[in-house]
1. From Cα pairs below 8 angstrom and at least 6 apart in sequence, can you work out the relative contact order of the stretch 37-79, rounded to a whole percent?
2. Evaluate the relative contact order of the stretch 5-130 (contact order divided by residue number), counting alpha-carbon pairs under 8 angstrom at least 6 apart; express in whole percent.
3. Starting from the Cα of K52, draw a straight line to each of the aspartates and glutamates and keep only those under 17 Å, dropping any in the same chain fewer than 8 residues away.
4. Rounded if a/c is under 1.5, else prolate if a/b beats b/c, else oblate: with a ≥ b ≥ c from the C-alpha gyration tensor eigenvalues square-rooted, which is the stretch 82-131?
5. Determine the sum of side-chain charges near K59: Lys and Arg each +1, Asp and Glu each -1, restricted to other residues whose C-beta is under 13 angstrom from that of K59.
6. Calculate one ³J(HN,Hα) per residue across the stretch 106-120 by plugging θ = phi - 60° into the Karplus curve 6.51 cos²θ - 1.76 cosθ + 1.60, and present them in order as whole Hz with x for glycine and proline.
7. Calculate how steeply helix 5-18 sits against the longest principal axis of the alpha-carbon atoms of the chain, using the helix alpha-carbon long axis, and give the answer as 0 to 90 degrees to the nearest 10.
8. Which entries of K59/K119; K41/K79; K99/K119; K79/K120 show an alpha-carbon separation above 21 angstrom in the structure shown?
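Every number in this text was worked out from the coordinates using simple rules, so none of it is lab data. Worth saying up front: this structure is predicted, and the values here are computed from it rather than measured. Every residue, glycine among them, receives a Cβ derived from its backbone with ideal geometry; neighbour counts consider all protein chains shown.
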Amino acid sequence: MSVDTLSNMLSSINNASLVRKEFIEIPCASLVESVADVLLKHGYFNEVRRFKKTGTGRKYLHITLKYTENGDPCFILIKRISTQGRRIYRGSAELYRRKKGIFVVSTSQGVMSNLEAVKKSLGGEVLFEIV
């Protein structure tokens, strides 16, 4: 049985934001790192730092969560679309623009938001949506 690092990341972010934690530290994987960079670029995090834990030498991400002025999280919902058992793929025409929030998509050119994918005329696997 393999570990779904992306689901673990999204659950950690969601749970930490519900209790208003300032930051989380999660094990680093290439997909997790790419997703964190996309969410940082779109303003859902304040900072993403990579570091190695002493003793183990494993890589981790230190993610500083972002909140509004009244202390609410910058997002309402994180919903996983593709799972390990059910992959959802969409073409660039189907990655429509949203009024609020983004889809995070894994394309042949890397992980990016639906906005970037549409600009580059790329489709791919829709990983999750964040609103």
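1. Details: 48 pairs, mean separation 13.2, N = 43.
Relative contact order, the stretch 37-79: 31 percent.
2. Relative contact order comes out at 22 percent.
3. E25, E33
4. Oblate shape, in that a/c is at least 1.5 and b/c is the bigger or equal ratio.
5. +3
6. So the Karplus estimates, Gly and Pro as x, are 9, 10, 5, 9, x, 8, 7, 7, 4, 5, 5, 4, 5, 4, 8 Hz.
7. Relative to the chain, helix 5-18 is tipped by roughly 70 degrees.
8. K59/K119; K79/K120
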